[in-house]
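The values are calculated or read from the model by the stated rules, or taken from the named source; none is laboratory data. Just so it is clear, the structure is predicted and the values come from calculations on it, not from any experiment. Neighbour counts run over all protein chains shown; Cβ positions are idealised from the backbone, glycine included. Calculation scope for accessible area: heavy atoms of the full protein, side chains included, ligands and nucleic acids excluded. Shrake-Rupley method; radii C 1.70, N 1.55, O 1.52, S 1.80 Å.
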Amino acid sequence: MSGNKFGFTPIDEDDLKKTRRREVGPMGAAVREAANSLNESTENRVEQRRQNASDAKEYRKARDEGRVLVAVGINEIHTTDLPRDRLDLSSVASSDEMDELKASIQERGQKEPIELYKDSDGRFQLKKGWRRVTALKQLFEETGDERFSSVTARVAESHSDRIDLYIDMVEENVVREDLTFAEMAQVAILASKDSELGAGDAEALVGRLYSSLHKMKRSYIRSFVYLLNELEGALPFPKSVSRNLGVEVARKLRASSDSAAGLRDVLVRASTAGEQNEALDAFLADTDAEPGSGKRRERAESVKYEFHVGGSKVTARKGECRILSGQDFSSIDRSKLQRAVEAFEAVLNE
């Protein structure tokens with residue numbers, strides 16, 4: 001059929017039944033792509049914000065619980081809030097073990113973090129790691145190296161119970177074999193005087209502070225708590241009192257507390273650990289032995305001490321006398337070194 005004068009042909013009914021396919025033009029495709037991208041971006045941002053909020057919550061929880069490691073200036077750390085478990089911190093600070101720890105940190109850095117908490121004034125207080133802090137302070141003072149000006153630490157932001165601070169502090173150290181019963185007892189005594197703790201009974205506190213120890217060991221600590229309290233500071237060398245000696249003296253004092261005054265009078269005259277233990281032995285034996293009389297039921301427990309001679313550091317203990325010096329002893333003629341040692345022994349045997 002030919003078209004009319006306008007050039008149109010009649011509509012074919014079959015064409016009307018066909019499904020028309022609409023092609024998206026360039027502009028439509030661009031709009032659709034932008035809309036899909038915006039939708040996807042919005043969902044991603046929402047998910048990212050949700051994840052960030054979750055991460056921030058977990059971080060705050062970890063920080064409050066002291067599980068986040070931070071660097072704290074060495075001079076910002078205080079040790080005034082909790083008592084340490086050592087009776088003679090100055091000797092520990094100048095000991096061979098401290099020198100060995102310093103050498104390790106100097107060579108390999110601080111490997112184990114310390115633990116801190118914030119007191120009511122917002123200051124960093126030490127909970128665990130007195131030796132590491134002391135070693136770093138000494139290294140910083142000796143070398144001025146900025147590596148030692150800060151310490152890696154876990155800082156607990158949330159305030160735990162006061163008793164938990166004591167427990168965390170002692171648990172790090174009770175496993176050390178060289179910690180004496182007198183030192184463990186001293187922590188309980190100091191904790192009982194802590195007004196913030198409000199405990200009062202040092203012997204009762206032993207069970208809470210040292211709950212991880214065997215009940216027999218806790219019993220020994222309680223004996224030393226009683227011993228130190230009864231003697232009221234008259235025991236000049238508490239670290240040198242052996243477990244058995246301390247427990248026996250405490251048992252006798254419990255049976256006859258009136259005898260504590262007489263024992264205190266004798267102990268204040270003791271000038272050495274040996275004389276002190278002689279007096280304790282005499283007390284058990286019901287004798288009137290004075291310090292220095294040599295009357296003991298058993299040998300005095302070995303005591304370690306240190307001193308300096310010139311540039312050499314001497315450490316003495318039972319069966320050992322160690323000399324640390326810048327001198328290369330291997331460069332000394334053997335016969336000369338032998339004569340020096342022989343002279344040393346001759347003086348000791350005078």
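Measuring against 28 Å, Cα to Cα, the residue pairs 102/193; 239/313; 127/215; 137/215; 128/217 contain 102/193; 137/215 as the ones spanning a longer distance.
For the pair residue 201 and residue 164, the difference between a 0.36 nm per residue extended length and the Cα-Cα distance amounts to 11.6 nm. Projected label points at residue 325 and residue 269, each 7 Å from Cα along the beta carbon direction, are separated by 4.0 nanometres. Extension gain, residue 318 to residue 232, is 28.0 nm, computed as 0.36 nm per intervening residue step minus the present C-alpha separation. The dipole here belongs to region 188-268: it is taken about the Cα centre, uses +1 on the Cβ of Lys and Arg and -1 on the Cβ of Asp and Glu, and is about 460 debye. 3J(HN,Hα) along region 258-272: 5, 7, 5, 4, x, 5, 4, 4, 6, 5, 5, 8, 7, 9, 9 Hz, from the Karplus curve 6.51 cos²θ - 1.76 cosθ + 1.60 with θ = phi - 60°, whole Hz, x for Gly and Pro. Along the charge dipole of region 192-244, Cβ charges K/R +1 and D/E -1, which of 233, 210, 198 sits furthest on the positive end? Most positive-ward Cα: 210.
The protection proxy used here, the mean number of other Cβ atoms lying within 10 Å of each residue, ranks peptides 204-214, 322-332, 257-267 as follows, highest first: 204-214, 257-267, 322-332.
Restricting attention to region 110-236, close to 50% of DSSP beta bridges with both partner residues there are antiparallel. Averaged over its residues, region 199-279 has an accessible area of 46 Å² per residue, based on protein heavy atoms and a 1.4 Å probe.
In this calculation the C-beta distance from residue 214 to residue 244 is compared with R0 = 22 Å, giving a FRET efficiency of 0.85.
Once both labels are positioned 7 Å from their Cα atoms along Cα-to-Cβ, the gap between residue 94 and residue 79 label points is 1.5 nm. Taking amide H atoms as placed 1.01 Å from N in the peptide plane, the amide H of residue 81 lies under 5 Å from those of 126, each 5 or more residues away in sequence or on another chain.
Our estimate of slack between residue 149 and residue 32, defined as 0.36 nm per intervening residue step minus the Cα-Cα distance, is 36.2 nm.
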